[in-house]
Amino acid sequence: MNHVIRKVFFDFEKEEKFINEMSANGLALKQYSFGKYVFEDAPKGEYIYRLELLEHPANHEDSQDYIQYMEEMGAELVTSYFRWAYFRKKAVDGEFTIYSDNDSKIRHYKRIMSLFIIVAGLNFIIGLFNVFNGSLMAAKGYPPVNTYLAIVSFSIVALFVPFLILPLRKNINNLEKEKGIRE
């Protein structure tokens with residue numbers, strides 16, 4: 001039986017924890033699309049899930065090679081969305097980690113941070129466009145719709161920076177410090 005849960009995460013570690021908690025409760029991830037998780041009944045704790053932001057979309061040749069490598073290591077690609085890959089491995093097979101060292105974790109965090117910076121940057125540019133266009137339209141007597149859109153765009157930027165980009169930067173800095181101590 002399928003179970004649909006609608007939930008949005010911007011922190012992949014919290015999302016991964018949520019999916020693993022669902023697995024512990026007897027629900028195995030079957031499919032994902034933005035904010036919509038489809039689970040199916042499974043034995044409790046059968047799978048361990050890991051998420052990864054791939055360098056390219058899942059159908060890209062490099063990503064296909066990586067997915068094949070993961071499958072050779074005993075992991076299965078359950079679903080993918082945009083560049084996010086949802087892997088799982090049977091819990092009886094033992095520990096399941098994707099990142100074996102700090103360098104791979106740092107690269108992964110940087111990929112995620114780059115994505116957030118692009119989204120924030122695009123919203124900033126859209127906001128500037130709407131401020132400019134809104135002032136032109138207001139001078140002609142039109143309602144300030146563009147001004148409201150600019151406020152939304154700038155609000156997105158204002159939320160992305162402290163809640164998404166800066167925490168990732170902090171994680172990267174901590175991993176780089178740890179890496180420096182070990183070297």
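The values are calculated or read from the model by the stated rules, or taken from the named source; none is laboratory data. Predicted model, so just to flag it, every value in this text is computed and none were measured. Counting neighbours? That spans all protein chains shown, and the Cβs are built from the backbone with ideal geometry, glycine included.
Taking into account only those residues within region 3-17 that are at pLDDT 95 or above and in contact with a strand residue (DSSP E or B) (Cβ under 8 Å, 6 or more places away or on another chain), which is surrounded by the fewest Cβ atoms within 10 Å (Cβ to Cβ)? It comes out as Arg6.
For region 1-42, residues that are touching a residue at least 12 places away in the same chain (Cβ under 8 Å), assigned to a loop (DSSP other than H, G, I, E, B) and either over 23 Å from Met70 (Cα atoms) or not assigned by TED's automatic domain parsing to the domain that holds Phe87 (or both) total 8.
Return a yes/no flag: does region 34-43 have any residue that is surrounded by 18 or more Cβ atoms within 10 Å (Cβ to Cβ), at pLDDT 95 or above, touching a strand residue (DSSP E or B) at 6+ places or on another chain (Cβ under 7 Å) and within 28 Å of Lys179 (Cβ to Cβ). There is no residue in region 34-43 that is surrounded by 18 or more Cβ atoms within 10 Å (Cβ to Cβ), at pLDDT 95 or above, touching a strand residue (DSSP E or B) at 6+ places or on another chain (Cβ under 7 Å) and within 28 Å of Lys179 (Cβ to Cβ).
Out of all the residues in region 50-77, which are part of a helix (DSSP H, G or I) and farther than 19 Å from Lys110 by Cβ? Passing the criteria: Glu61, Gln64, Asp65, Ile67, Gln68, Tyr69, Met70, Glu71, Glu72. Identify the residue in region 103-127 that is modelled with pLDDT of 95 or more and of a type in the set (S, T, N, Q) and, among all such residues, is surrounded by the most Cβ atoms within 10 Å (Cβ to Cβ). Result: Asn123. Filtered by the rule that a residue be among the β-branched types (Val, Ile, Thr) and under 17 Å from the mean Cα position of the chain (by Cα), region 54-96 gives Val78, Thr79.
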